[in-house]
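Heads up, the thing below is written out as C-alpha cells.
The values are calculated or read from the model by the stated rules, or taken from the named source; none is laboratory data. Keep in mind the model is a prediction, meaning the values are calculated, not measured. Note that we place each Cβ from the backbone using ideal geometry, even for glycine, and neighbour counts take in every protein chain shown.
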Amino acid sequence: MTSKNIRVLVVDDSAVIRAMICDHIAASPGLEVAGTASDGRRAVEVFCSSQPDVVTLDVQMPGMDGLATLDAILAERPVPVVMVSSLTQRGGEITFEALDRGAIEYVAKPVRGADAAEVLGTELVRKIRMVAGTDVRRILEIRRERKQRRSHRAGPTKTPKHIPDACPGQWADKCIAIGISTGGPPALSSLFQTLRPPMPPIVVVQHMPPHFTRPLAWRLDALSALSIAEATRGDVPRPNGVLIAPGGIHLSLRRHGREAKVMFRDGPVVSGHKPSIDVMMKSVAELFPGGCLGIIMTGMGRDGADGCRAIREAGGYVLGQDEASSDVYGMNKVAYVEGNVDQQFALRDAATIITRQVKRLWAPVGGAIL
C-alpha cells in the first residue's frame, strides 16, 4: 500500500516563482501540488476547496499580504505554513512576525537563478516534508500562552544595557552557548524578554539565511535587558552581551591572547546547516572547558547533539528545552535521548533555570547559590 502524498498549496504573486515551486514539488516523490494562488484572497478560497496538507506562502503580496493571508488560513484550519520571503531586511521583519503568528518555517527566495534549485528544489522541499503532519493547533496554543504571559508583565521590558556591578573578570572563563532552529525566533523572544543581568557572555546559533540574523538581533535587543547584536569577525564576547551567529557562515570562538574572539569560516554545511550549532558548541567547549553552559532548544534534525556531548565531555553542563514547550521536539530530543542533556526545562521557566544554573555553577567562593 502506497502512502498518501503530501498535498501543497503554493501561494506567490510571482508567476515565475510560483511555477518554479510547483515544478520542484511535482518532481519530488511523495509530494503533489494541491493548488496555486497569486494573491491572498484567492489563496483562502483555494485553501478551503483543496484542503492541502502544507501551504507555501509569499510574504509580500499586494492587497491581502502574507500576514493577513496567514491569519485567514489558520483561522479556517490549523495547517503547517512555510513562508517564502524576499531576502531583505523588510522580508525578515515580516517573516518573524509570521512566525509569531503561527507559521512553522520559512525559506528566503533565491536572488540568483542559479540558486533556485538549491533553495526551492532542495531546501523548500525538505522543509515541506519536515513540517507535514506537525500539530499546528498545539503550536498556536503555545504561542497564545506566550503572548498572554508577555501582556501580563507589568512595566517596560527595557532596562539599562550596562550593569555597573557586572565584573568582567568574573566571567573571563565562562560562556553560555545556545543552539536553536525551527520555532526559534518566538522562543528566543520569550527567553530574552525575561533573562536579566548579570550573565556571562552568550553566543547563539539560530538556523537562518544571510540577511535575516541582523533583523532578528535588532528585534531581540529591543525587548531585552541584555545587549544583543549580530556577531562580526573579531568580536569579543562580553558579560551581559549576546552575539547571534550570522546566517550562511560558520561561527566559532578562538583564543587570541587573553581574550576569546569570534571567527568565521565558509565551507560545506555541518550537521545539515550553516551556521552549525555543532561547530559553535565544539569551539566553546574547547575554549571554556568546565566553564560552558550549553542550551539546546526547539528545532528539527540533530544539529547540536554532538556539540552538547562535547560540552559535557569538557566538564560543562547542558540544559535542553522539553517536549511540551517546543514547537518541534527534534534537536533537543536527540541530545536528550543520547544522554547529552543534564536537565530539561519548560520555555516559560527558561530564564529562571538559566539564572539558577549560572549561580549554582559559577557563584564566587562564599557567594550565594540558589
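Just name the residue that is nearest to GLY179 (Cα to Cα) out of those in the stretch 326-351 that are modelled with pLDDT of 95 or more and of a type in the set (Gly, Ala, Ser). The residue in question is ALA335. Restricting the stretch 212-250 to residues that are modelled with pLDDT under 95 and touching a Gly at 6+ places or on another chain (Cβ under 6 Å) leaves a set whose member that is surrounded by the most Cβ atoms within 10 Å (Cβ to Cβ) is PHE212. Set side by side, the residues ALA15, ALA34, ALA19, ALA27 differ, and just one is over 25 Å from the mean Cα position of the chain (by Cα), within 20 Å of ALA75 (Cβ to Cβ) and among the aliphatic types (A, V, I, L, M), which is ALA34. Based on this model, can you work out whether ARG143 counts as basic (Lys, Arg), surrounded by 14 or more Cβ atoms within 10 Å (Cβ to Cβ), in contact with a Lys or Arg (Cβ under 9 Å, 6 or more places away or on another chain) and part of a helix (DSSP H, G or I)? The answer is yes for ARG143. If you go through the stretch 40-50 and pick out every residue that is under 28 Å from the mean Cα position of the chain (by Cα) and either surrounded by fewer than 16 Cβ atoms within 10 Å (Cβ to Cβ) or over 19 Å from ARG129 (Cα atoms) (or both), you end up with 3.
So is LEU216 in contact (Cβ under 8 Å) with a residue 12 or more places away in the chain and assigned to a helix (DSSP H, G or I) or not? Answer is yes for this residue. Within the stretch 178-187, identify whether any single residue is surrounded by fewer than 22 Cβ atoms within 10 Å (Cβ to Cβ) and either at pLDDT 95 or above or farther than 18 Å from SER326 by Cβ (or both), and answer yes or no. No, that holds for no residue.
Note on the stretch 60-96: residues that are modelled with pLDDT under 90 and in contact with a helix residue (DSSP H, G or I) (Cβ under 7 Å, 6 or more places away or on another chain) total 9. When you check VAL284 against the structure, is it touching a residue at least 60 places away in the same chain (Cβ under 8 Å), more than 16 Å from the chain's Cα centre (by Cα) and under 18 Å from ILE176 (Cα atoms), yes or no? Yes. Close Cβ contacts (under 6 Å, 6 or more residues apart or on different chains) running from residues in the stretch 17-38 that are in contact (Cβ under 8 Å) with a residue 12 or more places away in the chain to residues that are part of a helix (DSSP H, G or I) and polar (S, T, N, Q) comprise ALA34/SER50; GLY35/SER50. The number of residues in the stretch 57-80 being within 18 Å of VAL136 (Cα to Cα), of a type outside the set (D, E, K, R) and surrounded by fewer than 18 Cβ atoms within 10 Å (Cβ to Cβ) comes to 4. Answer yes or no as to whether SER50 is within 14 Å of VAL125 (Cβ to Cβ) and of a type in the set (Ser, Thr, Tyr). So SER50 fails the test.
The condition of being under 26 Å from ASP100 (Cβ atoms), assigned to a strand (DSSP E or B) and within 28 Å of the chain's Cα centre (by Cα) holds for only one of LEU67, LEU9, that being LEU9. Being assigned to a helix (DSSP H, G or I) and not basic (Lys, Arg) is a property that VAL16 has. From VAL107, VAL111, VAL84, which residue is surrounded by fewer than 21 Cβ atoms within 10 Å (Cβ to Cβ) and either of a type outside the set (Gly, Ala, Ser) or part of a loop (DSSP other than H, G, I, E, B) (or both)? Matching residue, one of VAL107, VAL111, VAL84: VAL111.
Residues that are in contact (Cβ under 8 Å) with a residue 60 or more places away in the chain, under 27 Å from ALA26 (Cα atoms) and not in a helix (DSSP H, G or I) are absent from the stretch 94-102 altogether. Inspect the stretch 299-316 for any residue being over 26 Å from VAL269 (Cβ atoms) and crowded, with 18+ Cβ neighbours inside 10 Å and give the result as yes or no. For the stretch 299-316, residues over 26 Å from VAL269 (Cβ atoms) and crowded, with 18+ Cβ neighbours inside 10 Å: absent. Identify, from the list GLU45, GLU32, the residue that is outside any strand (DSSP E or B) and either assigned by TED's automatic domain parsing to the domain that holds ASP322 or of a type outside the set (S, T, N, Q) (or both). After applying the criteria, what remains is GLU45. For the stretch 299-325, residues that are under 21 Å from VAL242 (Cβ atoms) and modelled with pLDDT under 95 total 2.
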